[in-house]
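Take a look at the structure set out below.
The values are calculated or read from the model by the stated rules, or taken from the named source; none is laboratory data. The structure presented is a predicted model; accordingly, all values stated were derived computationally and were not measured. For neighbour counting, all protein chains shown are included, and Cβ atoms are generated from backbone atoms with ideal geometry for every residue, glycine included.
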Amino acid sequence: MKTIITGKNMTVSAGVTDRVMKKTSKMERYLHADTEMLVRLTREKNNRRTCEITVPFDGVLLRAEASSDDNLYVSIDQALAKLEKQIHKHRTKLGKRVREDAFQSADFEYTEEIAVSDTEGRQIVRNKTFPVRPMSVDDAVLQMELLGHSFFAFVNADTDVINVLYLRKDGNLGLLEPET
């Protein structure tokens, strides 16, 4: 597995690189050897440390992000735990895309519980761009669940227009389609 480590507002030391490589190598249990894993480490102004892991493979995008106050190693462990839980949760949907022997044991590599942080205020603090490719509604549902988001924008393959899929408060899904 190829691991690419980048740092934002920080220098990634050899010790951190070794730790990330050691921890991510355990993910080979789930992913094929030619899979690429992108690890982005960030230090924010308030000394908060964030680890964002993205794994694009076979048209699916797995993404996990975790933050902690002043401890990068905890962020790395929490992000890997989230990624592993995503793979376990969607193992039947991912089917043959993950390694055949990935789920021989039911044990998790990373067993830490993930704490959910509260959000304060409503500001745009980050702009992202993403590739848009036509997909079915079922594929969009899978992609949204894999990303762990409450919404997903995509081009509907049936209608060739942009749709927004979202998670409703009652646990069901909603689909926004523009009027023509």
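Remarks
Let's see how each residue does on (1) crowded, with 16+ Cβ neighbours inside 10 Å; (2) in contact (Cβ under 8 Å) with a residue 40 or more places away in the chain; (3) under 27 Å from Ala153 (Cα atoms):
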position: Val16; (1), (2), (3): yes, yes, no
position: Val20; (1), (2), (3): yes, yes, no
position: Ser25; (1), (2), (3): no, no, no
position: Thr35; (1), (2), (3): yes, no, yes
position: Leu38; (1), (2), (3): no, no, yes
position: Leu41; (1), (2), (3): yes, no, yes
position: Arg63; (1), (2), (3): yes, yes, yes
position: Ala66; (1), (2), (3): yes, yes, yes
position: Asp69; (1), (2), (3): no, no, no
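- No other residue among Asp118, Asp107, Asp70 is more than 19 Å from Met27 (Cα to Cα), modelled with pLDDT under 80 and over 20 Å from the mean Cα position of the chain (by Cα) apart from Asp70.
- Considering the range 43-58, and only residues there that are among the hydrophobic types (A, V, I, L, M, F, W, C) and modelled with pLDDT of 90 or more, the residue that is surrounded by the fewest Cβ atoms within 10 Å (Cβ to Cβ) turns out to be Ile53.
- Any hit, the range 49-64, residues being over 27 Å from Val141 (Cα atoms), of a type outside the set (Val, Ile, Thr) and not assigned by TED's automatic domain parsing to the domain that holds Lys128: yes
- In the set (1) part of a strand (DSSP E or B); (2) charged (D, E, K, R); (3) at pLDDT below 90, Lys23 fails one condition alone, (1).
- Just so you know, in the range 129-150 the residues that are more than 24 Å from Glu84 (Cβ to Cβ) and touching a strand residue (DSSP E or B) at 6+ places or on another chain (Cβ under 6 Å) include one that is surrounded by the most Cβ atoms within 10 Å (Cβ to Cβ), and it is Met135.
- Residue list for the range 140-175, restricted to those being without any contact (Cβ under 8 Å) to a residue 60 or more places away in the chain and in a helix (DSSP H, G or I): Ala140, Val141, Met144, Glu145
- Checked against (1) of a type in the set (A, V, I, L, M); (2) surrounded by 12 or more Cβ atoms within 10 Å (Cβ to Cβ); (3) modelled with pLDDT of 90 or more; (4) not assigned by TED's automatic domain parsing to the domain that holds Arg48, Leu80 passes all but condition (4).
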